[in-house]
Amino acid sequence: MLKIISFKNQLEKIIHSSEKHTFLLAVSGGVDSMVLAHIFNDLGLNFQIAHINYKLRGEDSDLDQKVVRDFCEKNHIKFHLYEISDKDQKPENSIQLWARELRYRFFKQVQQDENLEFLVTAHHLNDQLETFIINLSKASGINGLSGIPTNDNNILRPLLNFTKEEIYAFAKENNIEYREDLSNTKSDYLRNKIRLEIVPKLLETNEHFLENFKKSSSYLKQTKDFVQQQIQEIEKRITIFNKYHKILSKKKLVQENDFVKFEILKKYGFNQEEEISKIFKAENGSSFFSKDYQLMVNYDELVISGKTEDGGWKFDDRDKRSKNEILLIEKFDFSKSRIDINLEHHIDDIEEIDNKFEWEFDAEKLQFPLRLRRLKDGDEFYPSGFSGKKKVSKFFRDEKISILARPKIWILSDCNNNVLGVVSYRQDGKYKKDEKTKFTLKIFN
């Protein structure tokens, strides 16, 4: 039964210490939202009210507005009104979607202007049942079947556990004025059709139908929460890198079932089964785009990056800050038989070099000064341990070095831009120290 105390208890389950928070109530003038406003007022909570006049039902729309405004004036509650005008470009079709987007945009703006923490709507248990049936028809999975959340990104729905019948009873008992939206009596929209034709037949099957549905909905939500926790654990386990962008192990993810693949990738906007299938069949270097993310296939990795402020794709903003060339040694002092250079004293982003290495060169074969620089088009060298010359770009591919890592790899070169080594992967064999070497240059980290 809906009582002030039962509502208060439900609100406290959603958000503790409700008296310490601020709220914006979405109030249409209907029985649900007027009961919501009445209870918030009786509880003495810090709230304001927002109403939208869509101008869809002529005088009836204006009377809805009057009921809400009168309640606010009587109880000294700040009232925010948005009246639809020609500038809102009301569409001929998809009125419901248009109206939803418009009202939530308005609510968000009021919250920002008034510094109100939570938006509160008057969705109730019957709405929950209707949503369940709609989502069931859409094959929306466990997320859809678990229904409308009581707290969704600071949108609160404290009436979700109460039935429409209980709300009407509360309104009658407390003499609450409200307006009936006559458009709800027409089966023009899917939700209205379900509300008017399907739900009444379901309720006839069992006098405890709604109560049992509430329990089932709770079980489904607990199941969803448990599944999401498991998905997070799996994603954590297959995440290779997660500092400046996300890199997932394609090799590990492909071993998971289709449900896990879908749940992980849909967070990044890849929520079509056909597209996900293509991702796992795609060749190296292939890219896929969602609204906010780019996914790049890199050998056994899936590299996911978000957009930058200018609309580009952010892989690593450190590239803009790091040096592209470092003078390593001006000349060799041939009065010494050996000079050692520790790269830790020269490279700021030395943490990028995962592998310890130690290269020894015949100093007489080198053309000084020596520099560390980034990859240039056409770079090639003679990798130590291999026969023949190889382009550095091909070396990267053969070694399966991440596409994102390549721009950050240092190339050791001489004054003529000849490649002496790819730090820390391979030294050029032509310049290595041998049995005839008299003067040694050692480079290590």
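Side notes on the structure shown:
- Surface calculation, 1.4 Å probe, protein heavy atoms: Ile176 sits at approximately 20 Å² accessible.
- In percent, rounded to a whole number, the relative contact order of the chain is 11, using alpha-carbon pairs under 8 Å and six or more apart.
- Helix-only mean residue ellipticity at 222 nm for the chain, each DSSP H run of n ≥ 4 adding -39500 (n - 2.57), per residue, nearest 500: -11000 deg cm²/dmol
- Built amide H within the under 5 Å cut-off of Glu380, gap 5+: Val392, Val419
- Rounded accessible area of His208 (nearest 10 Å², 1.4 Å probe): 100 Å²
- In Hz, Karplus ³J(HN,Hα) per residue of the stretch 97-113 (6.51, -1.76, 1.60; θ = phi - 60°; x = Gly, Pro): 5, 4, 5, 5, 4, 5, 5, 5, 5, 5, 4, 4, 5, 4, 4, 5, 5
- Protein accessible area in the stretch 1-129, 1.4 Å probe - carbon and sulfur %: 46 percent
- In order along the stretch 145-158, phi translates into HN-Hα couplings of 6, 6, x, 6, x, 6, 9, 10, 6, 6, 9, 9, 9, x Hz, rounded to whole numbers, per the Karplus curve 6.51 cos²θ - 1.76 cosθ + 1.60 with θ = phi - 60° and x for Gly and Pro.
- For Lys433, solvent-accessible area (1.4 Å; no DNA, RNA or ligand), Å²: 80 Å²
- Cut-off under 5 Å, modelled amide H: who pairs with Leu328 long-range: Leu370, Arg371, Leu372
- Under-5 Å amide H pairs with Glu301, H placed in peptide plane, nonlocal only: Lys250
- For the residues Cys415, Cys72, a 1.4 Å probe over the protein chains yields an accessible-area ranking, largest first, of Cys415, Cys72.
- Probe 1.4 Å, protein heavy atoms only - accessible area per residue of the chain in square angstrom: 56 Å²
- The chain: angle of helix 59-74 to the longest principal axis, Cα-based, in degrees nearest 10: 90 degrees
- One Cα centroid belongs to the stretch 224-268, the other to the stretch 283-298; the line between them spans 16 Å.
- Our coupling estimate for the stretch 31-45, obtained by passing each phi through the Karplus curve with A = 6.51, B = -1.76, C = 1.60 and θ = phi - 60°, is 4, 4, 6, 6, 5, 4, 5, 4, 5, 4, 5, 5, 7, x, 7 Hz, Gly and Pro reported as x.
- From the coordinates shown, Kirkwood radius over Cα pairs in Å corresponds to which of [x] 25.9; [y] 27.6; [z] 22.7: [y]
The values are calculated or read from the model by the stated rules, or taken from the named source; none is laboratory data. Values in this document were obtained by computation on a predicted structure and should not be read as measured data. Accessible surface is based on the protein model in full, side chains and every heavy atom, while ligands, DNA and RNA are left aside. Shrake-Rupley method; radii C 1.70, N 1.55, O 1.52, S 1.80 Å.
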